[in-house]
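Below you'll find the structure, written out as structure tokens, and then a few comments.
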Amino acid sequence: MKSKINNPLKVDELGPQWANIEDSLHILVGEQTPLRKKIISDMFRATIKLARENPGSLNLKISATALKELRFSFKIFRPHRKTPKITMFGSARISPTDPLYHMAKDFAQKAVLRKYMIITGGGPGIMAAGNEGATPNGGFGLNIKLPFEQSANSFIDPEKGLINYKYFFTRKLFLVKEAWAFVFFPGGFGTFDEAFEALTLLQTGKTNLVPVVFLETENYGYWTELVDFLNRVMLKKGLISGTDSSLYRVCHSAEEALNHFDLFYKNYQSTRYVDDKVSIRIKKQLSDKVIEQINMQFKEFFKAGPLHASKALPEEENEPEIKDLPRLVFTWKKKDFGTLRRLIDFINENTV
């Protein structure tokens, strides 16, 4: 029989033997819910198709390494999935004698006291300061393997908190995915890359809305200069929207930054998008008066109809752990996440 190893496959060209493989998945992975069985089946199917399409050894190696890094990262974070985490970014070149190092260490210490965990890129500088402040067991280090400049700092628990990545894209996924908040200290190209990627994901709705703080010592002249550029050049030329400034804040002390994070989660819990509906999950229902104020103040935002109190939508039944939380529901076309952030701030600020 002639091999089809080099023949690209269409969606349904795995052959009748696939049905037997799919039915036997429980032998390999145990009993699964129908949804999880479908997802796992899709993963097996994609792997088989990838191998039979013969993309080349390098591409197979990239796929295998990325999947291994994903699996190990899920394993490390799983025990802490309900614990709020702050991802810290900043220069790898800041020395332990620099005031910024002390500020970053102080921030991490105070964050852990407020029951946050700390995630850093795992290297020296600001990352080491964050992990040092979070010791002995409040921090993770997501280290990238580089030929120079970075190796994992000594403040990370190598068994429970250290993940070494070959690829930036898998590392970036978890720096963002696991974060309940971001804090950016001054840094170089890498910090700028991470800061603008985070803002782009928030601006476009490709990640959950979380608070972002640019933190520097008073009169340091780094983030304040950047924000001046954003307002003076990018906003003036129409390259960003006026409401985009709601997606971040410049702070000058650890307490100010942490208070900002605490306020964001005072009443707000999360957001779920269901077709053109938005379900804002909150911890305590608002009064009718506050809901009326919201509809007046944000009436241009609610062109398709007013915001109203609600129970969980039927589509939210797959999140049973939060099904009893009250909701605020409205119709929206998923544009202008800066105004959505302002709405969340208003909700928190008007919660008794």
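The values are calculated or read from the model by the stated rules, or taken from the named source; none is laboratory data. The structure presented is a predicted model; accordingly, all values stated were derived computationally and were not measured. Every residue, glycine among them, receives a Cβ derived from its backbone with ideal geometry; neighbour counts consider all protein chains shown.
Among the listed residues Met88, Met127, which satisfies the condition of being under 20 Å from Ser253 (Cα atoms) and part of a helix (DSSP H, G or I)?
Details: Met88 fails: part of a helix (DSSP H, G or I).
Among Met88, Met127, only Met127 is under 20 Å from Ser253 (Cα atoms) and part of a helix (DSSP H, G or I).
Hey, does the range 54-71 have a residue that's surrounded by fewer than 15 Cβ atoms within 10 Å (Cβ to Cβ), under 22 Å from Met127 (Cβ atoms) and either β-branched (Val, Ile, Thr) or modelled with pLDDT of 95 or more (or both)?
Yes, the range 54-71 contains a residue that is surrounded by fewer than 15 Cβ atoms within 10 Å (Cβ to Cβ), under 22 Å from Met127 (Cβ atoms) and either β-branched (Val, Ile, Thr) or modelled with pLDDT of 95 or more (or both).
Would you check if Phe261 is buried (at least 19 other Cβ atoms within 10 Å of the Cβ) and in a strand (DSSP E or B)? Show your work before the answer.
Working: buried (at least 19 other Cβ atoms within 10 Å of the Cβ): yes; in a strand (DSSP E or B): no.
Spelling it out, it is not the case that Phe261 is buried (at least 19 other Cβ atoms within 10 Å of the Cβ) and in a strand (DSSP E or B).
Results for (1) charged (D, E, K, R); (2) assigned by TED's automatic domain parsing to the domain that holds Leu343, shown as yes or no for each residue.
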residue: Glu225; (1), (2): yes, no
residue: Asp228; (1), (2): yes, no
residue: Asn231; (1), (2): no, no
residue: Met234; (1), (2): no, no
residue: Ser241; (1), (2): no, no
residue: Ser245; (1), (2): no, no
residue: Val250; (1), (2): no, no
residue: Glu256; (1), (2): yes, no
residue: Arg272; (1), (2): yes, yes
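I'd like the residue in the range 130-143 that is without any contact (Cβ under 8 Å) to a residue 24 or more places away in the chain and part of a loop (DSSP other than H, G, I, E, B) and, out of all such residues, is surrounded by the most Cβ atoms within 10 Å (Cβ to Cβ).
Thr135
Among the residues of the range 267-286, is any modelled with pLDDT of 95 or more, more than 22 Å from the chain's Cα centre (by Cα), aliphatic (A, V, I, L, M) and crowded, with 18+ Cβ neighbours inside 10 Å?
Yes, the range 267-286 contains at least one residue that is modelled with pLDDT of 95 or more, more than 22 Å from the chain's Cα centre (by Cα), aliphatic (A, V, I, L, M) and crowded, with 18+ Cβ neighbours inside 10 Å.
Looking at (1) on the phi > 0 side of the Ramachandran plot; (2) at pLDDT 95 or above; (3) under 20 Å from the mean Cα position of the chain (by Cα), which one does Thr170 not meet, given that it meets all the others?
(1)
Which condition from (1) part of a strand (DSSP E or B); (2) more than 18 Å from the chain's Cα centre (by Cα) is the one that Lys68 breaks?
In the conditions (1) part of a strand (DSSP E or B); (2) more than 18 Å from the chain's Cα centre (by Cα), Lys68 misses (1) alone.
Check off (1) surrounded by 21 or more Cβ atoms within 10 Å (Cβ to Cβ); (2) outside the structural domain of Ser253 (by TED's automatic domain parsing) for Lys105 and give me the number that stays unchecked.
If we test Lys105 against (1) surrounded by 21 or more Cβ atoms within 10 Å (Cβ to Cβ); (2) outside the structural domain of Ser253 (by TED's automatic domain parsing), just (2) comes out false.
Just to verify a result, which residue in the range 206-233, among those that are of a type in the set (Ser, Thr, Tyr) and in contact with an Asp or Glu (Cβ under 8 Å, 6 or more places away or on another chain), is surrounded by the fewest Cβ atoms within 10 Å (Cβ to Cβ)? Before the answer, list the steps.
Within the range 206-233, the subset of a type in the set (Ser, Thr, Tyr) is 207, 217, 220, 222, 224.
Okay, now just the ones that are also in contact with an Asp or Glu (Cβ under 8 Å, 6 or more places away or on another chain), so 222, 224.
Values: Tyr222: 18, Thr224: 14.
Out of the qualifying residues, it is Thr224.
Restricting the first residue to the range 193-219 and requiring it to be at positive phi, which pairs with a second residue that is in a helix (DSSP H, G or I) meet a Cβ separation below 8 Å and a spacing of at least six or different chains?
Gly205/Phe337
Name the residues in the range 30-47 that are more than 16 Å from Asn318 (Cα to Cα) and part of a helix (DSSP H, G or I), would you? Spell out the reasoning first.
Applying the first criterion (more than 16 Å from Asn318 (Cα to Cα)) to the range 30-47 yields 30-31, 40-47.
Across the range 30-47, the qualifying residues are Ile40, Ser41, Asp42, Met43, Phe44, Arg45, Ala46, Thr47.
Report the residue count in the range 321-341 for those that are within 15 Å of Ile282 (Cα to Cα) and not acidic (Asp, Glu). Explain how you work it out, then say what you get.
Here is the first cut: in the range 321-341, the ones within 15 Å of Ile282 (Cα to Cα) are 321-330, 340-341.
Of the ones still in play, those that are also not acidic (Asp, Glu) are 322-323, 325-330, 340-341.
Number of matching residues: 10.
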